[in-house]
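Undergrad: Sharing a structure, written as structure tokens. Questions coming.
The values are calculated or read from the model by the stated rules, or taken from the named source; none is laboratory data. Model, not experiment: these values are computed from the prediction. Backbone-built Cβ (ideal geometry, glycine too); neighbour counts: all protein chains shown.
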Amino acid sequence: MEKALVPKQPRLLIVRGKRICLVRGDLQLLAVEDTCPHNGESLSKGAVNFLGEIVCPWHGQQFNLKTGRECAERSRDLVTYPVKEDPEGIFIGI
Ligand code: FES
């Protein structure tokens, strides 16, 4: 059985070979690439802070989950993916 998505708890998905970090935010589901652009850590091992940013567990870079922007511009932006949720499931535009 599929485990429910816990709000603000990142989940790693592998879809057609792409590693995607999926997060249930306050108002919507958000999906970004899972590989941290700084040095390759899996962002789904990180945490979501009170600003709604995913914080990389390795060196602490913080990325806006809606825009993908690293908050201090230390790395390139994350790739973001559109997400749609309806009664049939969750759809990610890769
Ligand atoms: S690998 Fe993510 S901050 Fe360094």
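Undergrad: List, please: which pairs have Cβ atoms under 6 Å, are six or more places apart or on different chains, and start with a residue in the range 37-51 that is within 19 Å of Asp26 (Cα to Cα) and end with one that is within 7 Å of the ligand (Cβ to nearest atom) and assigned to a loop (DSSP other than H, G, I, E, B)?
TA: That search, which allows pairs on different chains as well, returns Leu43/Cys36; Leu43/Cys56; Gly46/Cys56.
Undergrad: Please go through the range 14-23 and give me each residue that is surrounded by fewer than 16 Cβ atoms within 10 Å (Cβ to Cβ) and in contact with a strand residue (DSSP E or B) (Cβ under 8 Å, 6 or more places away or on another chain), ordered by number.
TA: Scanning the range 14-23 gives Ile14, Val15, Lys18, Arg19.
Undergrad: Another question, then. Would the range 24-34 turn up any residue that is crowded, with 19+ Cβ neighbours inside 10 Å, in a loop (DSSP other than H, G, I, E, B) and under 12 Å from the mean Cα position of the chain (by Cα)?
TA: There is at least one residue in the range 24-34 that is crowded, with 19+ Cβ neighbours inside 10 Å, in a loop (DSSP other than H, G, I, E, B) and under 12 Å from the mean Cα position of the chain (by Cα).
Undergrad: Starting from residues that are more than 15 Å from the ligand (Cβ to nearest atom) and of a type in the set (D, E, K, R), keep the ones in the range 14-60 and report whichever is modelled with the lowest pLDDT.
TA: The extreme case among them is Asp26.
Undergrad: Next up: I want to confirm something. Restricting to the range 61-86 and keeping residues that are under 20 Å from Arg19 (Cβ atoms) and within 13 Å of the ligand (Cβ to nearest atom), which single residue is surrounded by the fewest Cβ atoms within 10 Å (Cβ to Cβ)?
TA: Applying the filter and picking the extreme gives Arg76.
Undergrad: Which of the residues that make up the range 1-13 are within 16 Å of the ligand (Cβ to nearest atom) and either small (Gly, Ala, Ser) or within 15 Å of Gly93 (Cα to Cα) (or both)?
TA: None; the set is empty.
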